[in-house]
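**Student:** What follows is a structure written as structure tokens; I'll ask about it next.
Taken together, the values in this text are just the output of simple stated rules run on the coordinates, not laboratory data. Just so it is clear, the model here is predicted, and its values are computed rather than measured. All Cβ positions, even for glycine, are placed from backbone atoms using ideal geometry, and neighbour counts span all protein chains on display.
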Amino acid sequence: MKEYSAQDIRNVVLLGATKSGKTTLAETMLFEGKVIDRRGTIEDKNTVSDFDDLEKLNQRSIYATPVYAEFLGKKINILDAPGSDDFIGGAYAGFRVCENGILVMNAQQGVEVGTRNALRYAEQYKLPLVVAVNHLDGEKADWDLTQHALKDALGSKYLEIQFPTATGAEFNGFIDVLTMKYYRFKDDKGTREDLEIPAEFADRAEEARMALIEKVAEFDDELMMKFFDEGTLSDEEIITGLTAGIKNREVYPVLCISGKKDIGVKRLLEFTLNAAVAPEVDEKAPAGLFIYKNNVEHHLGEVSYFKVMSGTVTAGLDLENPENGDKERLSAIYAVAGTKKEPVQVLKAGDFGCAVKLKNGKSNTTLSAIGSGLNFDKIQYPAPKYRCAIKAKVQQDEQKLGEALKKISSQDPTVVVEYSKELRQTILSGNGEQHINAVKWRINNEFGLEIELFAPKVPYRETITKVATAQYRHKKQSGGAGQFGEVHLLVCPAEGELRTKFPIDGKETQLNIKSQEIIDLEWGGKLEFYNCVVGGAIDLGFMPAILKGIKDRMVEGPLTGSYARDIRVYVYDGKMHPVDSKEIAFIIAGRNAFKEAFRIAGPKILEPIYNVEVTTPAEYQGAVMSDLQNRRGILGDLGSEEGFSILRARVPLAELYRYSTVLSSLTSGSASFTMEFADYQPVPGDIQTKLIADYAASEKEDE
Ligand SMILES: Nc1nc2c(ncn2[C@@H]2O[C@H](COP(=O)(O)OP(=O)(O)OP(=O)(O)O)[C@@H](O)[C@H]2O)c(=O)[nH]1
Ligand SMILES: [Mg+2]
């Protein structure tokens, strides 16, 4: 392969709704670029891009796969991203390493949620976009509807470059108003005739060309003057204006294709190559690469896919990981088109490649020239939306499962695994249920482990609502040294002003605070501890032991074993023994007195509440709302945005398990949502009764 410098490299990510035809288009681009001489299909499971077992099984892309083609003296690196929201991590890699996007649309579906999401990302990551309307050969393809919906979605950025002469089975070509030609196709191998525009399309073509000229004149003052003077622009001027408009993201040009029938794909490649921006990099600077993906592949082992961010990378080069100082030799480097890996000697800044069996080869890692200190920004993935608990079917596999999960999440950083000490569960999070099911498949098939996925426990909290007192005497006489400690304490909710007057044993009693400790608990909320002991009934030295006993008990609240919070404890009396009083005795006495007082102080279970924000097409607003209410959600204010409703609600976490899946089926996959922890609130009485009964039953089981 020729060595390419940045000015001859274009990096393009394929975006768009799932099934819009990105992988099929990538395949056809490879065919047109003569990288392959036969096209595979999704149905035959033999495309270059979807080569992973899981992708073949699901007949959809799950990872972003790089391919390339050499065309018009340039190298185009194409990243075929997954369209499904469940596998959106791959698209995020694309935003990080590509300077351009092609938004693929399905003319049989119009503007889909996936299309809208892609448009949003393009805005956010400032990607110049070319829109390819695909599936025009499809039975249900409708150009007018698609065009209409696109105009709506793109607003003033909409710019028609091509329109089809027919759709559906008759789709065999289109009019291009930039070249003013009619391109007609004879077969599905891209064989093209370049013809004059037929008379019946002449007016429409003229009209679209005029709109094009008017639009591009806006992007350059000189062009605008010329247009005012002469009423038109030359081909060259149109291209100058158009290229500027695309680069500045002032227009999204719309082209026509069928990736499946190889209609318009070569023209799309040509157009994109002319319009796309080159990477802005310095090949003379110290070498540095950024790994945006890694994967274990048949016969190769671990493959790390990278973009050269700076300098020149050669086979045999020594680099280092700037984060841990590890040295790494790139013994061989490859240009990649899916499974096809061609060894090369040199890859210059801006180019894509891969290396195998690197020690520091994980996604989101920089390798750079030793001592250069170069460290490139990481990919910022979206927060996971689906949580579940995971365990091995057989206990002995737990360790192997831990290793498998570690491997999977290092390859796919949108898979998040954490052990919750509080819940005593391993929590697996991802972008959606399908994403998690894909993880399950890998654990079963690649690691040979059987697992169970289930609803994670809810991190409840416990607190009290009333004042209560209790006393406990711990006494133990066993042969020689005995143990003795007695504690009298009072508890009340840690809210409002600090009280010191309470009825104790039927008598209004004034407590004198000698010392205090206010503790911010690691699990949220407070413990306030007041020593009010009079007349040296308990030595000051035993106070830490009493506090320790109380804290121990707060780790496992008496109602459901959840953390307790927001409690004031006043130790006001007790007893010692001159010989047998020791720390352990006061730990036990403090713990038990606290437990007893807690039980009679109107204990309450608190549950975590989340702020949920759902964006849904307005037609589903009612369904989404009533579903949120069924989840004990309290609806907040309602917003709207171009046909979409934005619903906000406070919803208990306990009701949010599998919410992404349910929302998706309620809205035919057209809504998206975010959730964020808000605060803790008391659970309703009936739920409290049930939680206490469940806990009591599980405690019995454990005995
Ligand atoms: N009729 C028709 N079908 C197409 C065309 N392009 C793709 N398809 C079909 O549409 C389906 C989805 O195509 P893919 O290429 O997998 O779509 P994708 O955008 O990569 O989908 P994800 O990987 O899920 O994001 C397959 O069955 C293709 O054969 C096209 O131009 N015309
Ligand atoms: Mg795909």
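**Student:** Among G549, G350, I427, whose Cα sits farthest toward the positive end of the charge dipole of the chain (+1 at Cβ of Lys/Arg, -1 at Cβ of Asp/Glu, about the Cα centre)?
**Tutor:** Farthest along the dipole direction, towards plus: G549.
**Student:** Something else now. About its Cα centre, how strong a charge dipole does the stretch 6-275 have in debye, to the nearest 20, once Lys and Arg get +1 and Asp and Glu get -1 at the Cβ?
**Tutor:** With Lys and Arg at +1 and Asp and Glu at -1, about 880 debye.
**Student:** Does anyone have the angle between helix 113-124 and the longest principal axis of the chain? Alpha-carbon axes, 0 to 90°, nearest 10?
**Tutor:** 90 degrees
**Student:** Around S61, which amide H atoms from residues at least 5 apart in sequence, or from another chain, sit under 5 Å from its own amide H, with H modelled in the peptide plane?
**Tutor:** G83
**Student:** Give the peptides 492-503, 156-167, 381-392 in descending order of average Cβ contacts within 10 Å, highest first.
**Tutor:** For the peptides 492-503, 156-167, 381-392, the packing ranking is 156-167, 381-392, 492-503.
**Student:** Beyond a 31 Å Cα-Cα separation, which of these cross-linked pairs lie in this structure: K514/K700; K189/K226; K74/K186; K189/K362; K400/K690?
**Tutor:** Over 31 Å apart, Cα to Cα: K514/K700; K189/K226; K189/K362; K400/K690.
**Student:** Something else now. Using only Cα atoms, find the angle between the long axis of helix 398-411 and the longest principal axis of the chain, and express it within 0 to 90 degrees, rounded to the nearest 10.
**Tutor:** 40 degrees
**Student:** Short version: ³J(HN,Hα) in whole Hz for each residue of the stretch 557-563, in order, from phi by Karplus 6.51 cos²θ - 1.76 cosθ + 1.60 (θ = phi - 60°), x for Gly and Pro, what are they?
**Tutor:** x, x, 7, 9, x, 8, 4
**Student:** Right, here's the next one. When a/c reaches 1.5 or more, the comparison of a/b and b/c decides; with that in mind, is the stretch 643-703 rounded, prolate or oblate per its Cα gyration tensor?
**Tutor:** Values: a/c = 3.52, a/b = 2.22, b/c = 1.59.
Note, shape of the stretch 643-703 comes out prolate.
**Student:** Taking the Cα centre as origin and putting +1 on Lys and Arg beta-carbons and -1 on Asp and Glu beta-carbons, what dipole magnitude results for the stretch 481-613, to the nearest 20 debye?
**Tutor:** The dipole magnitude comes to about 280 debye.
**Student:** Further question on the same structure: Mind ranking 98-108, 596-606, 532-542, 677-687 by how tightly packed they are, going by the mean number of other C-beta atoms within 10 angstrom, highest first?
**Tutor:** 98-108, 596-606, 532-542, 677-687
**Student:** Residue-wise, which Karplus ³J(HN,Hα) couplings in Hz belong to the stretch 484-492, taking 6.51 cos²θ - 1.76 cosθ + 1.60, θ = phi - 60°, and x for glycine or proline?
**Tutor:** 8, x, 9, 10, 10, 9, 10, 10, 7
**Student:** Cross-link list K501/K548; K526/K575; K2/K34; K378/K421; K2/K340: which exceed 21 angstrom alpha carbon to alpha carbon?
**Tutor:** K501/K548; K526/K575; K378/K421
**Student:** Can you figure out the FRET efficiency of L145 with R648, using R₀ = 30 Å and their beta-carbon distance, to the nearest 0.05?
**Tutor:** FRET efficiency, L145 to R648: 0.40.
**Student:** Could you tally the net charge around S626, taking each other residue with its Cβ under 15 Å from the Cβ of S626, Lys/Arg +1 and Asp/Glu -1?
**Tutor:** -1
**Student:** Can you give me the angle between helix 685-702 and the longest principal axis of the chain, using Cα atoms only, in degrees from 0 to 90, rounded to the nearest 10?
**Tutor:** Between helix and principal axis, roughly 80 degrees.
**Student:** Based on DSSP H runs of at least 4 residues, each adding -39500 (n - 2.57), what is the mean residue ellipticity at 222 nm of the chain after dividing by all its residues, to the nearest 500 deg cm²/dmol?
**Tutor:** Here the helix-only value at 222 nm equals -8500 deg cm²/dmol.
**Student:** Also: Tell me whether the stretch 288-369 comes out rounded, prolate or oblate; compute the Cα gyration tensor, take square roots of the eigenvalues as a ≥ b ≥ c, and use a/c under 1.5 as the rounded threshold.
**Tutor:** Oblate, because a/c is 1.5 or more while a/b does not exceed b/c.
**Student:** Got a sec? Charge dipole of the stretch 215-256, +1 on Cβ for Lys and Arg, -1 for Asp and Glu; which of F228, Y252, T240 is way out at the positive end?
**Tutor:** So the residue furthest toward the plus end is Y252.
**Student:** Another question about this same structure. Would you tally the net charge around L374, using a Cβ to Cβ cut-off of less than 12 Å, leaving L374 out, and scoring K and R as +1, D and E as -1?
**Tutor:** -4
**Student:** Using amide H atoms built 1.01 Å from N in the peptide plane, name the residues 5+ places from V104, or on other chains, whose amide H lies under 5 Å from its own.
**Tutor:** L15, G16, A132
**Student:** Once amide H atoms are placed 1.01 Å from N in the peptide plane, what residues at a sequence separation of 5 or more from H135, or on another chain, have their amide H within under 5 Å of its amide H?
**Tutor:** Amide H neighbours of H135, under 5 Å, 5+ apart: A107, G259, K260.
**Student:** I need H298, H435 ordered by Cβ neighbour count within 10 Å, fewest first.
**Tutor:** In increasing order of surrounding Cβ atoms, one gets H298, H435.
**Student:** Determine, for each peptide in 649-655, 315-321, 370-376, the mean count of other beta carbons within 10 angstrom over its residues, then list the peptides with the highest first.
**Tutor:** Per-residue Cβ counts within 10 Å, averaged per peptide and sorted highest first, yield 649-655, 315-321, 370-376.
**Student:** Residue by residue through the stretch 169-180, which ³J(HN,Hα) values in whole Hz follow from phi under the Karplus form 6.51 cos²θ - 1.76 cosθ + 1.60 (θ = phi - 60°), with glycine and proline marked x?
**Tutor:** Each residue's phi maps through the Karplus curve to give 4, 7, 5, 9, x, 7, 9, 10, 8, 8, 8, 6 Hz.
**Student:** Identify, among F594, N531, F484, the residue whose Cα sits farthest towards the positive end of the charge dipole of the stretch 462-602, taking +1 on the Cβ of Lys and Arg and -1 on the Cβ of Asp and Glu, with the dipole about the Cα centre.
**Tutor:** Sorting the options by dipole projection puts first F484.
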